[in-house]
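Take a look at the structure below.
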Amino acid sequence: MFLHKQMEFEGQPFIFETGKLAKQANGSAWVQLGDTVVLVAVVADKKASTERDFFPLTVEYREKAYAAGKIPGGFFKREGKPTENEIISARLIDRSIRPLFAKSFRNEIQIFVWVLSADKVNDADVLGITAASLALGVSDIPFEVPIAGVRVGRVNGKFIANPTFEDMAQSNIDLVIAASEDSIIMVEGESKEISEAEMIAALDFGHDAIRKIIALQKELITETDKVKMEIPAPEALEGLAAALEPYRAELGKSLRVAEKEARREAILALFEKAIADLAEAFPEKESRIAEMLQEMESDLMREMVLKENVRLDGRGPNDIRDISIEVGLLPRTHGSALFTRGQTQALASATLGTKIDEQRIEELEGEFRKNYMLHYNFPPFATGEVKPLRGVSRREVGHGNLAERAIKQVMPMDKVFPYTVRIVSDVLESNGSSSMATVCAGSLSLMDAGVPIKSPVAGIAMGLIKEGDQVAILTDILGDEDHMGDMDFKVAGTREGITAFQMDIKIKGISTAIMSEALERAKEARFYILDKMSAVLGQPRAELSVYAPRIMSIKIPVDSIGLIIGPGGKNIREIVERTETTIDISDDGTVTIAAVDPGACEKAAGIIRSMTAEVEVGTVYNGKVKKIAKFGAFVEVLPGREGLLHISEIDNRRIERVEDVLKVGDEVQVKVMKIDGDNKIDLSRKVLLDKPANN
């Protein structure tokens, strides 16, 4: 059954359709804003695996090149593996919808989000969140409530819902929100040092816009006739809960072991003992026993926090783990820092490059270049695990992107600091928020390299435990507190304000007041960490690393670019080889010269300046003979600029052959006598010689 709904949203048509495309999927939806179109198809396995102890949900977000009227680059001329932007967009959708499935629903689900049309005005990523919700809503897959996604920008102090790309170029906020009518579920974004109050105002504004989108979704969903799959009830084993009760006290003791590895070993040993003890009474029910023990573990942890204000490692709700910082520990990198907070440790290194090192990115909106990037690596040994390495994971891309956005707001302008900058964060140990440790380590590594960032950036992860009216906000959460808690709220920023944020909420009913308090606690923690960082390195070093390239820029006339490059790049190659530099020339005539030796930069700049200098009448030059003809010699007075030294102007006496006085390669002092309308230069050597004595 084909259904169509439409409304106007921020002055553009917002269209929902279903029942026309991908009809063999469990559900599909077409969502269109302006001329940007997203198609989502959702498919679920009819049977749930009884062996799975997790929810097998996969979200794929792909942008079709034809959506923007393009043919993909490369040899194969077809879309390849997902780009970083596609991975990040898929994660936004996954994090938004994953908490809204029943815990006992274990059927495998695949959600395909395809961008079919891109108008280069509206971003498709937030449409993907809304379209995924709509496709699930019109399917037979059980999905708790409809949600929607919206991006919030702010231009000249005014909030905008789903701003255009043009709006975003002027916006000081880039905030993506996913929410139901009642609750915010997911938040991701960056900002230019906004306050906590401004953050809350942006969230409220975005949530109001989402309610309008959900209202249209509901209209369409109510007109469908799909019967939802039955949600299996958790397996109830009579007497199992009572049989597990004797293990509660021992499990409570194990939870109070402060050190992570020792705690996990104690809990694992208890789980193995309980499963062995109950194997005869409950045969082949190991997974259900383990599941119920995990529920008991979660309940006990939450009780400790809410009733005793005691956390797994013995800290209070507001306590931050011990922090240690080292900078400059890698002797040959341009900048390095080791940031350790409790059992989370990030080693960051900063490398400075030139224009040639910029990353070229091709997206539906067009091509652009990045001169700043942050790459995050999370090896298995960071959590003491053995896993194969199979390329960069989606998690690594997402965490790296969050840290990159946090630091981006303080990076110097290209005109002030014309370097390409790459930060690499290698997480060596992890027990809670390695992405925020990356922000701290990355910021420190830049300062160690001498990059003139506006100010240091730090980050902290906040958590939440909520049971009824009882609420505990946790600062600097552990991995287990993230897993068993109700919220993971990462906030990064400077002393001036927030630069990046990411929030995932697992429950309903988190009020604005709770989020406001969490933001204020995060601010206090951020300032505390910034104090620790400043005690080690409070500002960028005055000088760049001796191993970093030195860069200088000069300006040449645009019509001289071809002269500098030369035929087939001959001239510029010669300069690079002679001076051992790297040279890049922009279309506006900006020449960027880089070399580890500053003197080499000056040498190359001198050659380029001389090549673009104007030859002036009456000026004396030290030239070089480039070619000899019967009627005279061609002398190069400036690089690439030659004039004619006529045979009659070579000497103050009559000569029969040019070769009697000059040969190719000779250096000769000449004076410019005339430049005609065709830029032909007449030279004289004779006028610079002493007149012969009278005989």
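Highest mean packing comes first when the peptides 336-347, 380-391, 277-288, 134-145 are listed by Cβ atoms within 10 Å, giving 336-347, 134-145, 277-288, 380-391. For the pair the range 485-559 / the range 174-201, the C-alpha centres are spaced 16 Å from each other.
Remark: for residue pairs Lys624/Lys680; Lys627/Lys691; Lys624/Lys671, the C-alpha separation exceeds 22 Å in Lys627/Lys691. The alpha-carbon positions of the chain define a convex hull whose volume is 207 Å³ per residue.
Take every DSSP beta bridge with both residues inside the range 323-536 and express the antiparallel ones as a percent of the total, to the nearest 5.
Around 90 percent of the beta bridges assigned by DSSP in the range 323-536 are antiparallel ones.
With the cut-off at 22 Å, tell me which of the pairs Lys103/Lys273; Lys46/Lys228; Lys454/Lys523; Lys70/Lys212 have Cα atoms farther apart than that.
Numbers: Lys103/Lys273 26 Å; Lys46/Lys228 12 Å; Lys454/Lys523 19 Å; Lys70/Lys212 34 Å.
Violating the 22 Å limit, Cα to Cα: Lys103/Lys273; Lys70/Lys212.
Annotation: peptides 413-424, 494-505, ranked by per-residue average of other Cβ atoms within 10 Å with the highest first, follow the order 494-505, 413-424.
Sorted by average packing, counted as other Cβ atoms within 10 angstrom per residue and highest first, what order do 148-159, 97-108, 566-577 take? Please list the in-between numbers first.
On the way: 148-159: 20.0, 97-108: 17.2, 566-577: 13.2.
Ranking, from highest mean packing down: 148-159, 97-108, 566-577.
Overall dimensions of the range 323-536, expressed as equivalent-ellipsoid semi-axes from the Cα gyration tensor (√(5λ), whole Å, largest first), are 29, 19, 18. Based on alpha carbons, the Rg and Dmax found for the range 620-688 are 10.8, 32 Å. In order along the range 114-131, the Karplus-derived 3J(HN,Hα) couplings, from 6.51 cos²θ - 1.76 cosθ + 1.60 at θ = phi - 60°, round to 10, 8, 9, 8, 10, 8, 6, 10, 10, 6, 8, 4, 6, 5, x, 5, 5, 5 Hz, and Gly and Pro are given as x.
When the convex hull of its Cα atoms is viewed from all sides, the range 3-221 shows a mean projected area of 13.3 nm².
With both residues required to sit in the chain, DSSP beta bridges show an antiparallel share near 90%.
For Leu537, no residue has an amide H sitting under 5 Å from its own, ignoring neighbours fewer than 5 places away on the same chain, with H placed 1.01 Å from N.
Straight Cα distances below 18 angstrom link Lys570 to the aspartates and glutamates Asp559, Glu580, Asp584, Glu636, Glu642, with same-chain residues fewer than 8 positions distant left out. In the chain, Cα pairs under 8 Å separated by at least six residues give a relative contact order of 9 percent.
The numbers here are math on the coordinates, done by the rules we state, and not lab data. It should be emphasised that the depicted structure is a prediction, and the values quoted were computed from it without experimental measurement. As a convention, Cβ positions derive from the backbone with ideal geometry for all residues, glycine included, and neighbour counts pool all protein chains shown.
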